[in-house]
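Below: one structure, written as structure tokens.
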Amino acid sequence: MSISKSFSPVKLIILFLSMVVLCCLPFVVSSFVLRIATGIMMWIGLALSWNMLGGYMGYISFGHGASFGLGAYIAGMLMTQLHLPFFVSLLIAGILTYIFAALVGYPTLRLSGSYFAIGTWAFAEMMRQLVLVLTITGGPEGLRLPPMLNDNFFYFVMFGLALLVFMVAYLFFEHSDFGLKVKAVREEETAARTLGLNTTWVKNQVFALSSMFAGIIGGAFAYWITFIHPDSVLGPLIADQMVIMVLLGGIGTLFGPVIGAIVLYVGNQYMLVMWGQSSAYLIILGLAICLVILFLPEGLMSLLRILRGRRRGIIKRLLPGMKKSNI
Amino acid sequence: MTKIMEVEDLEVVYGVIKALQGISFYIDEGEIVTIIGANGAGKSSTLRAISGMVRPSSGKVRFKNKDITNSPSHLIARQGLSHVPEGRGMLTKLTVEENLILATYNRKDHAKVKEDMEEVYKQFPRLSERKKQASGNLSGGEQQMLAIGRALMTGADTLLLDEPSMGLAPLIVKEIFEVIKRLNQAGKTILLVEQNAMTALNTAHRAYILENGAVLKSGLAADLISDPEVKAAYLGGH
Amino acid sequence: MELLEIKELNHMFGGLKAISSLNINVKPKMIYGVIGANGAGKTTLFNLITGIYQPTAGQIFLDGTSLVGKQSYEISRLGVARTFQNLRLFNDLTVVENIQVGQIHRRRLGKHKTKDLSVKIESLIKLFGLDVRAEEKAGNLPYGMQRKLEIARALATEPKLLLLDEPAAGMNPKEVQGLVGLIKEVKRQYSDITIVLIEHQMKLVEGLCDYATVMNFGQVIANGTVEEIQNNPVVIKAYLGEAEVG
Amino acid sequence: MGLFMQTTVNGILIGGIFITIAVGFSISYGVMHIVDFAVGEWIMLGAFTAFWLNQYTKIDPLLLIPFIALFFALVGYLFQPIIQKVVNIKHRSAAMMALAFTFGLSTLLRGSALTLWGFNNRNLVTMLSEMNVNLFGITVPAIRAAATVFSIFVTAAFAFFLYRTKTGITIRAAAEDKTVAGLMGIDGHRISRLVYAIYVGLTAMSGVFIGSIFSVFPDMGLRYTAFAFFVVVAGGMGSFSGAIVAGLLLGLISSFVSVYVGGAYVFLILFFILYLILVFLPKGILGKGW
Amino acid sequence: MFKKLSIMRGLALLAISGLFLSLVGCGSASTGAGSGASTEARDYYKVGVITSLSGAEVYGGNVTKYGYELWADAVNKKGGIKVGDKSYQVKLIYADDQSDPTAGANAAERLITSEKVDFILGPYTSGVTKAVAPILDKYKVPMITGSAESPTIWTQKFAYTFGTIPAADLTANSPLDTLAKLPNPPKTVAVLGVNDAFSKAVAEAFKASAEKKGMKVVKYDVVPAGTDFTPLISAIKQLNPDVLAVGGHETEHMQVIKGSKSLGFMPKAFVMHYGITTPDFIKNTGKDGDYVYGAAVWTPDLKLKDDLFGTVQDYVKASKEKFNAVPDYTQAGCSATGEAFSAALAKIGAKPPLSEQQREQLVKALEQIDIQTFYGPIKFATDGNWYHDNVGLKALTIQMLNGDQLVVGPNDMKAKDPVYPVPAFNAR
């Protein structure tokens, strides 16, 4: 139950070392690589935030991109129109996305299964159309933010956000009563209610919380890219990628979304570099999704598990007497 | 008499639950055999395993001297074995007539189909009155009649009936069991699963009493009626 | 003073009457049996008490507080816990986690220290013989243990009223015997608790219950001690079916 | 008044085309319980097939419709077992995996089309493309009228098939309860294959009309996926009459909003209505969905 | 069963991991080579091209690609860009922006930091241009775009971004101006626009110029991409305007023509902007596309020439030979971007690879150039609302006929008189 129990000393050391490596990254690699790393961090954060809703609670949303876009636009408008500082805007964007999602959550969470998927998708499309016709958002012209061109800064912002979401996922969803409640809703909502859980409230909280993180990351993204447009931050691709990353890595696990985000983002970038002049990367992306679902429905995390199992199997074969001596 | 069906050491496991612990029994042609027992004793699982709705984990089912273990249910149905599931398995959006037509899907003997249809309507005049109604709008008794009628329309000579009395008023139960008897007299072999022990024993030739997935007792129905153990299994011993 | 008081309860599904004019009174600290064949409306009754369904008409009181119109979780917090006929465990969570979920709202009330609660979990797990498989996922337990876990989870909410929906379904005689002993042990350790259990096997009711109600077609057909019921001709008829057919 | 009538007619003609798609989609959802994200891609492939066949054979695309329907029915029939495999996967949310699978499929098909046929728009010219009919001062584009009439005809034929033939009854039975259907001697897998084949055939066939009314390009699928979802969801999954009403509703909303509110708001309002219907009328506007 | 499953799993694992490993391998190899180039002295210019090679704007992206490639071919055939007494070849490095601003920004970063390009030829869309421009400012790498036409790019005053095509609001008023000068000018106009940056700017300009010339705008509507135009067209038909003006791209233009024809709507003229000169539009609309008015800054019939490409006709021939495509003004504008760079490089005498200081000089030189090309004059504004945009060009009014772009205005440039009102669809 405690941290020491789920993380062996070896794992803790690995974790610590990787943190050190990640902190040193900006001072070692080229700025393009750093940019990719920033992108990876962003997507890790987004995939983890989606996983709170889709993985831990089992509500598959195809509209999570709306929160990302909403956060991006709120932060963008606060910075350009009210000239608020970045971090203040980010904070307000997070709070407003949270409130907005909490309000939208009540009707939307009445749906479940495929209906929830389509409902969130329709809502996200609606948001995109809304931003396109509003003048305050710049409509189709998009919104330009004051450029702040410091790669290291954004790397650390995204890294920090990804870490934050990871810690929240770890502490709130993996190791707390709240996480238990959420999983209980996923596993058996009726039973959870008869055990005294206000599942409506739990569901709404998860919806709002995961939206808030997507919103904050969206705000950071807006400042990083300096230009946002309804099609780029509210397009369906944002949500689709979150879903695919989590499925690819392993839904409902802590490291699955991380692995999924890294593999898909890096894969995507390299495919772009390699075959950017053709549409072949779409074929490969589509094929990869189909293959993973057909043969690895539990995601890449299940591969790790299989490999680990095999290793254990090998040990067993090498030490046939071990099991007996244990008894 | 020839054995139309033989079941050997049938075992069914749902996930971690062992619903059937290996039961064996047989049915002779033209018999009514009943399996009685409490809820969860494994009665329905037995029927499901026979008709291919669930895959038995071990054991054998032979029907008309053919091994039908592990055949998919639609192929078993084509052998002349029809299962009327618990809860009647109504296709509520289909009309009465459509339910009946559906059952003839695999039959090529069109003249006989027509004959059978008339026979079903004759046996169950209430269905004839409600031909065009969605079966979801029928009463429980009518639904049970339709379920049996539908099983007949598959051209089956052997019927597996799962709790035909469930949720029905006593008068209707009586009516249903009369039909079952008539069908048997007309030559159908029937395997009947019931909680309603006395009624079932009064109807059947032979019976098997199931408890916790195993056969507790078997014998002629007439003998079992007066058996105190039967009564005990239901009402508690005194 | 009754602990559970059900007055003129009615419930309709579509046009069908699942429960009609039902009256039941349960005194505190009783073990009370609700008996009836499949489809008699027993589970519907539990669903009405625990707020999963709302009754078409009638009243349900727990300790004088009306439960009608309240949500399931509110009713649970008032002290009603239940199990389900078709097991509704959190299959992907471990045994301990399942029980923890049951404790959550108690913990929120701040009446207990975390340490007390884990002690409670330990004693529950031991009581139900789940200690060897405490870290296993609920879905991987054998069936009998799953049944027990569900009861343990319900107990973790520290209910006044425990509703057991066919706790013995699918158990073999030995397991049923164990269960009877277990329920008695629970009753001994939690002396204030009141238990209502749904059963269609007279056997179990006979060994456990002080008092029972027999239901048929959504109506009460008999009330009384177990012995009275076993000798009630109406019950025998409903139970064993008509003596003569045709 | 003239404008009002014209707007109404336009609306009906826009929505008419989507009825066929919705009907096929609904029935495939009913039997297989899969929300197919690739629906737009089948439309696109149908349109492209018509275009290429027309290029090489010079046969009018409208006359090619039976062939395209049959060809894609075959494609669907051969492809269905793969989807069935996904549905049968032992997974907590198998239906969601299937949804994601069709999403992958749609990406794959779109990518292939873009790579094979490039990005250009293509014009699918039919014998009706140039014509229009004038009725009491209302102009009716012939191709759209034909599409709507054809759509209604196909829907009626399909309804007849479902309600009046043995196989149709079988399909409806499988949609309601595959297990019970199995007890009647019906092979559920075969029915699923058949239904998926019909769905793909119908959808690709509608692609010919959509391609000739608008234009043919590899990215066109995305847009029509949105419309198909609208009609299917608003009509209630699996409901025939719902699909027809929702198809017409889609058309009328687009038409009236464009004319009387402003074209900018068409999609905004459509998606908003879709969302409201989902939340408040999850069984569709007629309440007849599964 | 289980065994079979695990074999399939193994296969999938192999397939997927192989896929990604090969990608990572190839990718790192290519970046490895790129980063090694930083100190390498090369005798050619490395020119980055960021444009939409996939995504929604892939069509236009390829038009820009044709333009940039023709310039590179022409330069390299001549031995390269002449700086001092030596010529240096150019090498184009492509980066796909997927029609998405984020991907465009990534692409710019990669081209600059990994590929170490000397300068950049810019994106097709205005959105991507706006996302790329700040990154260029950061690294001080100049870019000229031959395509993006949204006026909002230039109001941002990016220091390192230039454009050869005048902003849409400078060009879009020409067709209505031309029509207004006719003896029987149109009195009523309906304006439709698509809700993207360029198309909306065009629609706004159409509306403004119509109002300025005293015409009545009877309908003005900006719709999302993908909207069905028929309801709008039938509403417009009821209003019976003399002119229907449309701001959009070739897909929408085709659908407006198709929709109008099928609804029997025939205004006295259709006015459009970019897109009507594309092969897609010409091929797909056929005769129905004739007589459509458009705005352009360049047509294949102009009598201009320069040293690199020769006459406009030579350029057209080269394009037809290589891409089987008649060039439009976007393609020509893209080809001309290179000429601006060549001229500026020659002027400051900077040999490849360019240092940061040389790139700064290059921007200064670009601000000062004033050259005549086959595309027309190139001179970038250095202040005002069109900062760094090429304001030297005059907007032309064109009218399509048999796939040719005939210049019908302004009067001093026209090759033919405008046809107005135009013949009905069925009278051609």
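The values are calculated or read from the model by the stated rules, or taken from the named source; none is laboratory data. Values in this document were obtained by computation on a predicted structure and should not be read as measured data. Using ideal geometry, Cβ is built from the backbone for each residue, glycine included, and neighbour counts are taken over all protein chains shown.
Which is more than 18 Å from D:M220 (Cα to Cα) and either away from chain E (no Cβ under 14 Å) or of a type in the set (V, I, T) (or both), of D:I21, D:I12?
Going through D:I21, D:I12 in turn, just one is more than 18 Å from D:M220 (Cα to Cα) and either away from chain E (no Cβ under 14 Å) or of a type in the set (V, I, T) (or both): D:I12.
If a residue has to be surrounded by 24 or more Cβ atoms within 10 Å (Cβ to Cβ) and at the interface with another protein chain (Cβ under 7 Å from one of its Cβ atoms) to count, how many in segment E:85-97 make the cut?
Of the residues in segment E:85-97, 2 are surrounded by 24 or more Cβ atoms within 10 Å (Cβ to Cβ) and at the interface with another protein chain (Cβ under 7 Å from one of its Cβ atoms).
Just to be sure I understand the filter: pairs with C-beta atoms under 6 Å, separated by 6 or more residues or on different chains, first member in segment A:242-256 and free of Cβ contacts under 8 Å to residues at least 24 places away in the same chain, second member buried (at least 24 other Cβ atoms within 10 Å of the Cβ) and assigned to a helix (DSSP H, G or I). Which pairs pass?
As it stands, the answer is none, since no pair meets every condition given.
Which ones in segment E:137-160 are surrounded by 22 or more Cβ atoms within 10 Å (Cβ to Cβ) and charged (D, E, K, R)?
E:E149
Among the numbered criteria (1) within 7 Å of chain D (Cβ to nearest Cβ); (2) closer than 14 Å to B:M153 by Cα; (3) touching a Leu at 6+ places or on another chain (Cβ under 9 Å), which single criterion is violated by B:N106?
Going through the list (1) within 7 Å of chain D (Cβ to nearest Cβ); (2) closer than 14 Å to B:M153 by Cα; (3) touching a Leu at 6+ places or on another chain (Cβ under 9 Å), B:N106 breaks only (3).
Can you tell me which residue among E:G392, E:G376 is within 17 Å of E:V297 (Cβ to Cβ) and touching a Pro at 6+ places or on another chain (Cβ under 7 Å)?
Working: E:G376 fails: touching a Pro at 6+ places or on another chain (Cβ under 7 Å).
Of E:G392, E:G376, the one residue that is within 17 Å of E:V297 (Cβ to Cβ) and touching a Pro at 6+ places or on another chain (Cβ under 7 Å) is E:G392.
If you check B:G219, B:G213, which single one turns out to be more than 28 Å from B:Y14 (Cβ to Cβ), of a type in the set (G, A, S) and out of contact with any Pro (no Cβ under 8 Å at 6 or more places or on another chain)?
Of B:G219, B:G213, the one residue that is more than 28 Å from B:Y14 (Cβ to Cβ), of a type in the set (G, A, S) and out of contact with any Pro (no Cβ under 8 Å at 6 or more places or on another chain) is B:G219.
Could we say that D:T57 is of a type in the set (V, I, T), under 20 Å from D:G247 (Cβ atoms) and over 20 Å from the mean Cα position of the chain (by Cα) here? Can you show your working first?
Values: of a type in the set (V, I, T): yes; under 20 Å from D:G247 (Cβ atoms): no; over 20 Å from the mean Cα position of the chain (by Cα): yes.
So D:T57 fails the test.
How about segment A:126-219: which helices (runs of 4 or more DSSP H) wholly inside it have at least 2 residues that are of a type in the set (S, T, N, Q)?
By residue number, A:189-194.
Can you pull out the strands (runs of 3 or more DSSP E) entirely within segment C:137-220 that have at least 3 residues that are in contact with a Ser or Thr (Cβ under 8 Å, 6 or more places away or on another chain) and surrounded by 23 or more Cβ atoms within 10 Å (Cβ to Cβ)?
In segment C:137-220, the matching strands (runs of 3 or more DSSP E) lie at C:161-165.
Inspect all residues belonging to segment E:306-324 and state whether any of them is within 14 Å of another protein chain (Cβ to nearest Cβ) and under 22 Å from E:G409 (Cα atoms). It would help to see each step written out before you state the result.
Narrowing segment E:306-324 to residues within 14 Å of another protein chain (Cβ to nearest Cβ): E:323-324.
Now restrict to residues that are under 22 Å from E:G409 (Cα atoms): none.
No; the residues of segment E:306-324 include none that is within 14 Å of another protein chain (Cβ to nearest Cβ) and under 22 Å from E:G409 (Cα atoms).
Which condition does D:V180 not pass, out of (1) within 10 Å of another protein chain (Cβ to nearest Cβ); (2) touching a residue at least 60 places away in the same chain (Cβ under 8 Å), if it passes all the others?
Only one criterion in (1) within 10 Å of another protein chain (Cβ to nearest Cβ); (2) touching a residue at least 60 places away in the same chain (Cβ under 8 Å) is unmet by D:V180, namely (2).
Does segment E:404-412 contain at least one residue that is part of a helix (DSSP H, G or I), more than 24 Å from E:Y68 (Cβ to Cβ) and either among the aromatic types (F, W, Y) or modelled with pLDDT under 90 (or both)?
no
Just checking, does segment A:182-201 include any residue being of a type in the set (S, T, Y) and surrounded by fewer than 19 Cβ atoms within 10 Å (Cβ to Cβ)?
yes
For A:A261, are the conditions met, namely being of a type in the set (A, V, I, L, M), assigned by TED's automatic domain parsing to the domain that holds A:A75 and within 12 Å of the chain's Cα centre (by Cα)?
Spelling it out, A:A261 is indeed of a type in the set (A, V, I, L, M), assigned by TED's automatic domain parsing to the domain that holds A:A75 and within 12 Å of the chain's Cα centre (by Cα).
Return the pairs, sorted by first residue and then second, in which the second residue is aromatic (F, W, Y), the first residue lies in segment C:58-82 and is within 8 Å of chain A (Cβ to nearest Cβ), the beta carbons are less than 9 Å apart, and the residues are 6+ apart or on different chains.
Pairs that qualify, where the first residue is within 8 Å of chain A (Cβ to nearest Cβ) and the partner is aromatic (F, W, Y), are C:Y73/A:W201; C:R82/C:F46.
Among the residues of segment C:86-102, write down those that are surrounded by fewer than 20 Cβ atoms within 10 Å (Cβ to Cβ), modelled with pLDDT under 90 and more than 8 Å from chain A (Cβ to nearest Cβ).
Scanning segment C:86-102 gives a single hit, C:N86.
Please verify whether segment E:54-75 includes one or more residues that are touching a residue at least 60 places away in the same chain (Cβ under 8 Å), touching a Lys or Arg at 6+ places or on another chain (Cβ under 8 Å), over 22 Å from E:F374 (Cα atoms) and not in a strand (DSSP E or B).
No: zero hits.
Condition check ((1) in contact with a Ser or Thr (Cβ under 8 Å, 6 or more places away or on another chain); (2) within 14 Å of chain E (Cβ to nearest Cβ)) across all residues:
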site: D:G185; (1), (2): yes, no
site: D:Y199; (1), (2): yes, no
site: D:L202; (1), (2): yes, no
site: D:I210; (1), (2): no, yes
site: D:V232; (1), (2): yes, no
site: D:G235; (1), (2): yes, no
site: D:A246; (1), (2): no, no
site: D:G262; (1), (2): no, yes
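Restricting to segment E:334-371, what's the tally of residues that are free of Cβ contacts under 8 Å to residues at least 40 places away in the same chain, surrounded by fewer than 22 Cβ atoms within 10 Å (Cβ to Cβ) and part of a helix (DSSP H, G or I)?
Adding up the residues that qualify gives 10.
Would you mind listing the strands (runs of 3 or more DSSP E) fully within segment B:1-67 where at least 1 residues are within 14 Å of chain C (Cβ to nearest Cβ)?
Here the list reads B:3-14, B:17-28, B:32-36.
Read through the list (1) surrounded by fewer than 23 Cβ atoms within 10 Å (Cβ to Cβ); (2) in contact with a Pro (Cβ under 7 Å, 6 or more places away or on another chain); (3) within 30 Å of C:M145 (Cα to Cα), then give the number of the only condition that B:I17 fails.
B:I17 satisfies all of (1) surrounded by fewer than 23 Cβ atoms within 10 Å (Cβ to Cβ); (2) in contact with a Pro (Cβ under 7 Å, 6 or more places away or on another chain); (3) within 30 Å of C:M145 (Cα to Cα) except (2).
In segment C:152-169, what residues are farther than 18 Å from C:I75 by Cβ and more than 14 Å from chain B (Cβ to nearest Cβ)?
Hit for segment C:152-169 is C:A152, nothing else.
One line per residue, one yes/no per condition, for (1) basic (K, R); (2) assigned to a helix (DSSP H, G or I); (3) more than 19 Å from A:F221 (Cβ to Cβ):
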position	(1), (2), (3)
A:K11	yes, yes, yes
A:F32	no, yes, no
A:M41	no, yes, no
A:I44	no, yes, no
A:N51	no, yes, no
A:S61	no, no, no
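So, in segment A:147-179, how many residues would count as being buried (at least 23 other Cβ atoms within 10 Å of the Cβ) and within 14 Å of chain C (Cβ to nearest Cβ)?
Selection size over segment A:147-179: 1.
Just wondering, is there one or more residues in segment E:59-73 that are under 24 Å from E:D328 (Cβ atoms) and more than 18 Å from the chain's Cα centre (by Cα)?
Yes: one or more hits.
Being assigned to a loop (DSSP other than H, G, I, E, B), out of contact with any strand residue (DSSP E or B) (no Cβ under 6 Å at 6 or more places or on another chain) and assigned by TED's automatic domain parsing to the domain that holds E:I81 narrows it down to one residue among E:K138, E:K157; which is it?
Working: E:K138 fails: assigned to a loop (DSSP other than H, G, I, E, B).
Of the residues listed, the single one that is assigned to a loop (DSSP other than H, G, I, E, B), out of contact with any strand residue (DSSP E or B) (no Cβ under 6 Å at 6 or more places or on another chain) and assigned by TED's automatic domain parsing to the domain that holds E:I81 is E:K157.
Which condition from (1) buried (at least 19 other Cβ atoms within 10 Å of the Cβ); (2) polar (S, T, N, Q); (3) more than 30 Å from E:H249 (Cα to Cα) is the one that E:Q331 breaks?
Only one criterion in (1) buried (at least 19 other Cβ atoms within 10 Å of the Cβ); (2) polar (S, T, N, Q); (3) more than 30 Å from E:H249 (Cα to Cα) is unmet by E:Q331, namely (3).
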